[in-house]
1. Please state which of the following conditions A41 fails to meet, knowing it meets all the rest: (1) near the ligand (Cβ under 10 Å from one of its atoms); (2) part of a helix (DSSP H, G or I).
2. Just to verify a result, which residue in the stretch 273-297, among those that are open to solvent by 50 Å² or more (accessible area, probe 1.4 Å) and assigned to a strand (DSSP E or B), is farthest from V141 (Cα to Cα)?
3. Under 6 Å between Cβ atoms, at least 6 apart or on separate chains: pull out the pairs that start in the stretch 38-56 with a residue that is within 21 Å of R124 (Cβ to Cβ) and end on any residue that is of a type in the set (S, T, Y) and within 14 Å of the ligand (Cβ to nearest atom).
4. Working carefully through the options A24, A60, A55, find the one that is crowded, with 20+ Cβ neighbours inside 10 Å and either part of a helix (DSSP H, G or I) or within 14 Å of the ligand (Cβ to nearest atom) (or both).
5. Do we find that A50 is in a helix (DSSP H, G or I), within 12 Å of the ligand (Cβ to nearest atom) and out of contact with any Ser or Thr (no Cβ under 8 Å at 6 or more places or on another chain) in this structure?
6. Give me the pairs: first residue in the stretch 112-128 and in contact (Cβ under 8 Å) with a residue 12 or more places away in the chain, second residue among the hydroxyl-bearing types (S, T, Y) and surrounded by fewer than 18 Cβ atoms within 10 Å (Cβ to Cβ), beta-carbon distance under 6 Å, and six or more apart or on different chains, which are they?
7. What residue, of D96, D81, D100, D72, is in a helix (DSSP H, G or I) and either of a type outside the set (A, V, I, L, M) or within 14 Å of the ligand (Cβ to nearest atom) (or both)?
8. Starting from residues that are part of a strand (DSSP E or B), away from the ligand (no atom under 11 Å from the Cβ) and closer than 28 Å to E178 by Cα, keep the ones in the stretch 103-134 and report whichever is most open to solvent (accessible area, probe 1.4 Å).
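The values are calculated or read from the model by the stated rules, or taken from the named source; none is laboratory data. None of the values given here were measured: they were computed from a predicted structure. We place every Cβ from the backbone using ideal geometry, glycine too, and count neighbours over all the protein chains shown. Calculation scope for accessible area: heavy atoms of the full protein, side chains included, ligands and nucleic acids excluded. Shrake-Rupley method; radii C 1.70, N 1.55, O 1.52, S 1.80 Å.
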Amino acid sequence: MTPNELFEHRGYLADERKIAAYQAALDEVVGPDDTVLDLGAGTGILGLLACRAGAGHVIAVDQGDIIDVARDIAVANGLADRITHVKAMSTDLELDDPVDVVVCDQIGGLVHDAGVLSAFADARRRLLADGGRMVPESFRVFVAPVGFGIGRQAVDFWRSAPAGFDVTAARRIAANTEWKFNVVTDDLTALAAPSELAAFPADHEGRITGALDFEVETTGTLDGWLGWFEARLSPSVTLTNDPWSPERFDRWCNFYALEEAVEVAAGDRLSLTLDLRPKGGVVSWTTGLRDGERRFKQSTFFTATRSDLFGHAAPVASGDRIPAMRRVLDLIDGQRSLADILTALGEPAELGFASRNAMEAFVEKVTGLAG
Ligand SMILES: C[S@@+](CC[C@H](N)C(=O)[O-])C[C@H]1O[C@@H](n2cnc3c(N)ncnc32)[C@H](O)[C@@H]1O
């Protein structure tokens, strides 16, 4: 275990709002003698809280060396006989009996970007009893158009010619990145009231997408879009990383920069389509300014490497297929059918395909991954 990891876990333990919310939720959800799976246990804190809430048994699973520390902590607190520690990915965990409750804190700034959704989907299928409960049970995600100096710098630094060198080659990547920031509100201005983009259960595996319209309320600079979540931990407990909430807990927010900062005035209309595809790891956002007068279409797909998209599994496309792949992704908008996409792509030869069949097979693979 590295000092950085220990530092990170100290942060989770020191976050009193998070701890209080999880304790209240587990008090509400855990029944006497329930077995609780502490998924991504870290120091084991959520399992300890579950014991305090009356759990009969806790299975704490973490893929990292921190699990050895969790075991020592359980011993020091007299709970060694109630908690079983397993060093493994939860997806590799095999249990003789299903658990009654699964609890986890692996939540990204806009939920999808840390792992809770796929881990819970797997747990629901293989590890959780019928009628078993998930903590958190569901999420709502919110977005607001913002002026955000630190976020803007993440993109525009690459125009600044450090040491006199042109580094603008990196700017395209920076503008098409899902940034994560521990936001300070001094540096942040909401230009319009936030809107709810989507709501979904905590084991949701598919696309998360929404189209929103905003009317600017505060004249200022639009640097991009800030996203955050509200987790429903239990029927009466929620937890949020909303940067303006006095109840916020310590979790980053996600920032989707606008390609260029744009001045907007009160009364201007803005639109946003945000499309998160957790399976392929692709995030796309399209901004419309002043009723469609200007449009910015951005996506992590534009700059992703093949290993970002496909890991080390056999890629569906070699390097010279990347432009075709971007065209296909651009055409997937929830409206077009496969046939529409094929028609819009035009002649196979122009995209380097030997035949229409080859192009069709390729499009099917990409749409399957993206969907
Ligand atoms: C955000 S930390 C939270 C730790 C702890 N639950 C807490 O509240 O302090 C997430 C931990 O989950 C582990 N982890 C993430 N996904 C996992 C998975 N699918 N299976 C096992 N461990 C996982 C990481 O190694 C990390 O220690």
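1. Of the numbered conditions (1) near the ligand (Cβ under 10 Å from one of its atoms); (2) part of a helix (DSSP H, G or I), the odd one out for A41 is (2).
2. R294
3. Close Cβ pairs satisfying both conditions: L39/S90; L46/Y22.
4. A60
5. Judged against the criteria, A50 is a match.
6. Qualifying pairs under 6 Å: D122/T91.
7. Values: D96 fails: in a helix (DSSP H, G or I); D81 fails: in a helix (DSSP H, G or I); D100 fails: in a helix (DSSP H, G or I).
Selected residue: D72, the only one of D96, D81, D100, D72 that is in a helix (DSSP H, G or I) and either of a type outside the set (A, V, I, L, M) or within 14 Å of the ligand (Cβ to nearest atom) (or both).
8. M134
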